[in-house]
Amino acid sequence: MEINWYPGHMAKAKRELQEQLKKVDVVVEVLDARIPHSSRNPDLGRMCAHKKRLMVLGKSDLADPEMTRAWVEHYRGMGIPCIHAEMNRDAKRILTAIEREAKECVDRAMERGIRKTVRVMVAGVPNAGKSTLINRLNGQSVAKVGDRPGVTRSTRWVKVGPYLEMMDTPGLLWPRLDDPDAARRLCYTSAIKDDVVDTYALATHLMEDLLAAVPKAAAERFHLKDPSLRGQEMMDAVCVGRGFLMKGGVPDLERCCRVILDEYRGGKLGRITLEAPPRADTGKADESNEEGSPIPSEGTDGNV
Ligand SMILES: Nc1nc2c(ncn2[C@@H]2O[C@H](COP(=O)(O)OP(=O)(O)OP(=O)(O)O)[C@@H](O)[C@H]2O)c(=O)[nH]1
Ligand SMILES: [Mg+2]
């Protein structure tokens, strides 16, 4: 499944971000807690290497809490400050974590008798929840939010307190999505828009990944009597199970695909994380060789 999506506004946004970085004290990188490896933009890591950083595993209400904890530990082990958050609830915790990262530069300015305004850039892949986070901290909906990628089109500073300004940025992908598994998972979570992929292939892959990660929950939700089915047979069985049939009993695959994607995205199958962090005893935790193991092992449906 080939996926290529790097619209013009993203290339422009990347240049703008690079330019703005000079003015920024802290970079908050928002990841999607359901896919903490694939939603990490390697370009951002490189661009912000010399900045104070805070990683926020957003949408953690949709992810398996145990796995989220493991990912937070994993990134902390790499020396990156990391917290998890549900954007609409955890504003205070996020604010405290930002203040912690900004303390050094605030104290330095204070020694010179200056009360510094801290400038924070909020960056990450499309649809991760960046604008939602800023609205929440601001207390008002100043940034446009929407459940599709590419809602924020240009950078924008928002004052969220007397001494705190945050920059909302357009979601950034990297120009070559050369890891097909990561690209596919970015489609599952709507970081890449549906129009650029084949919906049938995407929904089939998602269904297969769900059956691998949470077999019981997926089979139950989609009324699949035989959870070992894959490909076309599996999709036909879902149509029969859920009653997505057209005249003459023909499977309504279009509807089936839409429902699989929508129900996963809406958290209808429970809290699922599709990537496990590398085990602590394998591989070194340094940023250059960081890799997540793609799919949690069979039978992790304890996370539902
Ligand atoms: N369940 C859940 N949904 C969230 C959370 N944060 C944001 N959302 C939803 O995710 C969608 C995308 O949120 P945005 O804040 O627009 O995301 P963004 O990162 O600014 O997206 P772009 O501007 O397109 O890059 C919206 O429908 C939000 O309501 C969260 O913590 N949990
Ligand atoms: Mg936005």
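The values are calculated or read from the model by the stated rules, or taken from the named source; none is laboratory data. Everything numeric in this text was worked out from a predicted model, so none of it was measured. Cβ coordinates were reconstructed from backbone atoms using ideal geometry, including for glycine residues, and neighbour counts include every protein chain displayed.
For every residue, the table says whether it meets (1) outside any helix (DSSP H, G or I); (2) within 16 Å of ligand 2 (Cβ to nearest atom); (3) touching a residue at least 12 places away in the same chain (Cβ under 8 Å).
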| position | (1), (2), (3) |
| --- | --- |
| ARG69 | no, no, yes |
| MET110 | no, no, no |
| SER131 | no, yes, yes |
| VAL142 | yes, yes, yes |
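Just one of the listed residues (VAL118, VAL122, VAL142, VAL72) is away from ligand 1 (no atom under 16 Å from the Cβ), in contact with a strand residue (DSSP E or B) (Cβ under 7 Å, 6 or more places away or on another chain) and of a type in the set (A, V, I, L, M, F, W, C), namely VAL118.
In the set (1) in contact (Cβ under 8 Å) with a residue 40 or more places away in the chain; (2) assigned to a loop (DSSP other than H, G, I, E, B), the condition left unmet by ALA217 is number (2).
In this structure, does THR204 turn out to be farther than 23 Å from VAL24 by Cβ, modelled with pLDDT of 95 or more, within 15 Å of ligand 1 (Cβ to nearest atom) and not assigned by TED's automatic domain parsing to the domain that holds ALA33? The answer is no for THR204.
Checked across the range 145-153, the condition of being more than 15 Å from the chain's Cα centre (by Cα), over 15 Å from GLU29 (Cβ atoms), within 12 Å of ligand 2 (Cβ to nearest atom) and part of a strand (DSSP E or B) holds for no residue. Looking at PRO227, PRO162, just one residue is modelled with pLDDT under 95 and not assigned by TED's automatic domain parsing to the domain that holds LEU54, and that residue is PRO227. Just one residue in the set ASN127, ASN138 is more than 17 Å from the chain's Cα centre (by Cα) and either within 14 Å of ligand 2 (Cβ to nearest atom) or not assigned by TED's automatic domain parsing to the domain that holds VAL28 (or both); that residue is ASN138. With respect to (1) within 15 Å of ligand 2 (Cβ to nearest atom); (2) surrounded by 21 or more Cβ atoms within 10 Å (Cβ to Cβ); (3) under 23 Å from LEU62 (Cβ atoms), the lone exception for MET121 is condition (3). Inside the range 175-196, residues that are away from ligand 2 (no atom under 12 Å from the Cβ), assigned to a loop (DSSP other than H, G, I, E, B), under 22 Å from LYS12 (Cα atoms) and under 14 Å from the mean Cα position of the chain (by Cα) make up a count of 3.
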